[in-house]
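To start, the structure under review is shown below, and the notes come after it.
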Amino acid sequence: MISEKMKPLVQNNSAIREMFEEGKRLAAIYGRENVYDFSLGNPNVPAPAEVDQAIRAVLDEEESTFVHGYMSNSGYEDVRETIAQSLNRRFGTAFHQGNILMTVGAASGMNVILKTILNPGDQVIAFAPYFLEYGNYVRNYDGELVIVPPDTTDFQPDMEAFEARINEKTKAVIINTPNNPTGVVYSHETLCEIAGILEKKQKELGTAIVLLSDEPYRELAYDGVEVPYVTKYYANTVVCYSYSKSLSLPGERIGYLVIPDELKDSQTVFAAATIANRVLGCVNAPSLMQRVVKRCVDAKTDVAAYDRNRNLLYSSLKEYGFSCIRPQGAFYLFVKSPVEDEKAFCGVCKQHNILVVPGTSFACPGYVRISYCVSYEQIERSLPAFKAVAAYYGLC
């Protein structure tokens, strides 16, 4: 009964979600406090107090039929203008409401813009390791995902390999910084180089190539690291943003697209993206959460809590002999497997009630992702188990 497109998705169901379900099964057997689930990027830090206050204020102060009613498919005009002005204050941009399209999170935003720009056979480039759903999103619109292999020395983009993969079929390039799963932040120099290559290739090929910046982790950066704003580097950029991580609201599904005036045919693209928002079935972003976002657009989550987790887990795993780079942002460690088959390593971890995600799920075998957006106490409880795994492999 299911479509041919859905069959491979069912067969290759997300390893992240599978691990999450496995965590619930093990917790029922051993007790939740004795299972160390690092699989899902589900924020443990509560939403800022401003969010709860804003929800109450919206319901108390705004007309019910307005709050719960339809609006433009692109979102409430005053919400979009508030977001635009917030971005302008923070990043020195010059956006207005006509550049902001409210979406059902970043995943929906990515689907909206891909539906807007892709023709069958168009290619979209992504840098491994990457969030594996990108491939599904591209294939939703009969596009082809082209993968740039990882440079595992520092997990910055391999520019030579990137340039070699651009051709007349290239319609878009996806970047994700801070990155899931590595925590790497693309520097000013990196973005300049990516933009330079794209500008050069656009001229050579006589085509427009869109840079899609997937930014759910933008606000989660450590040690004073700057996360540059990508639209300032390359004109044909579209930003996909979500409040899932920045305000700890993954279940609320609220985000937006930035479609700058500098983008080629920007007004037409915005109009088409607004229609795509509707015909994809989203219709519009949740009305209540749009009103809430307007009231707490500059609120911040407790990044210090994630930083504390990062420092404890990173320093402990390094002490035990594991190899990984120190993340600059997001809330993941990308750890090198002590054996070539990282799925076997995941199996040994599971024997010690540790749940991590194989790097194959991010097109980067030989590594595992550990999500540290959990309680500090869980990390503390898990350390003896990590040490036992290290001892099993003779690392310590």
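The values are calculated or read from the model by the stated rules, or taken from the named source; none is laboratory data. Since we're looking at a predicted model, the values are computed, not measured. No Cβ is skipped: glycine too gets one built from the backbone with ideal geometry, and neighbour counts run over all protein chains shown.
Any residue in segment 272-296 that is over 22 Å from SER246 (Cα atoms) and among the β-branched types (Val, Ile, Thr) sitting within a Cβ distance under 6 Å of a residue that is surrounded by fewer than 19 Cβ atoms within 10 Å (Cβ to Cβ) and modelled with pLDDT of 95 or more? List the pairs, counting only those 6 or more apart or interchain.
Close Cβ pairs satisfying both conditions: THR274/ASN73.
In segment 108-140, which residues are part of a loop (DSSP other than H, G, I, E, B) and under 25 Å from SER244 (Cα atoms)?
Selection gives ALA128, PRO129, TYR130, PHE131, LEU132.
When the residues of segment 154-171 are filtered to those that are surrounded by 20 or more Cβ atoms within 10 Å (Cβ to Cβ) and over 21 Å from the mean Cα position of the chain (by Cα), which remaining residue is nearest to GLU193 (Cα to Cα)?
If we take residues in segment 154-171 being surrounded by 20 or more Cβ atoms within 10 Å (Cβ to Cβ) and over 21 Å from the mean Cα position of the chain (by Cα), then ILE166 is nearest to GLU193 (Cα to Cα).
Consider only pairs whose beta carbons are under 7 Å apart and that are at least six residues apart or on different chains; among these, list those whose first residue lies in segment 48-65 and is more than 15 Å from SER287 (Cα to Cα) and whose second residue is surrounded by fewer than 13 Cβ atoms within 10 Å (Cβ to Cβ).
Pairs that qualify, where the first residue is more than 15 Å from SER287 (Cα to Cα) and the partner is surrounded by fewer than 13 Cβ atoms within 10 Å (Cβ to Cβ), are PRO48/LYS300.
Only one residue in LEU313, LEU317, LEU395, LEU333 is in contact with a strand residue (DSSP E or B) (Cβ under 7 Å, 6 or more places away or on another chain), touching a residue at least 24 places away in the same chain (Cβ under 8 Å) and outside any helix (DSSP H, G or I). Which one?
LEU333
Residues in segment 237-250: is at least one within 14 Å of the chain's Cα centre (by Cα) and closer than 24 Å to ILE166 by Cβ?
Yes, segment 237-250 contains a residue that is within 14 Å of the chain's Cα centre (by Cα) and closer than 24 Å to ILE166 by Cβ.
Kindly check whether there is at least one residue in segment 231-241 that is surrounded by fewer than 19 Cβ atoms within 10 Å (Cβ to Cβ), in the same structural domain as LEU132 (by TED's automatic domain parsing), out of contact with any helix residue (DSSP H, G or I) (no Cβ under 8 Å at 6 or more places or on another chain) and touching a residue at least 40 places away in the same chain (Cβ under 8 Å).
No - not one qualifying residue is present in segment 231-241.
Could you grab the pairs with beta carbons closer than 6 Å, sequence gap of 6+ or different chains, first residue in segment 169-191 and of a type in the set (S, T, N, Q), second one surrounded by fewer than 22 Cβ atoms within 10 Å (Cβ to Cβ) and in a strand (DSSP E or B)?
THR170/GLN123
For residues in segment 355-378 being under 18 Å from SER315 (Cβ atoms) and assigned to a helix (DSSP H, G or I), which is farthest from the chain's Cα centre (by Cα)?
GLU377
Within the set of pairs 6+ apart or on separate chains, which have a first residue in segment 93-109 that is at positive phi, a second that is buried (at least 24 other Cβ atoms within 10 Å of the Cβ) and part of a helix (DSSP H, G or I), and C-beta atoms under 8 Å apart?
Short answer, once both residue conditions are applied: none.
Just one of SER371, SER361, SER337 is within 17 Å of THR182 (Cα to Cα), buried (at least 20 other Cβ atoms within 10 Å of the Cβ) and at pLDDT below 95; which is it? Walk me through it before giving the result.
Numbers: SER371 fails: at pLDDT below 95; SER337 fails: at pLDDT below 95.
Result: SER361 is the single residue among SER371, SER361, SER337 that is within 17 Å of THR182 (Cα to Cα), buried (at least 20 other Cβ atoms within 10 Å of the Cβ) and at pLDDT below 95.
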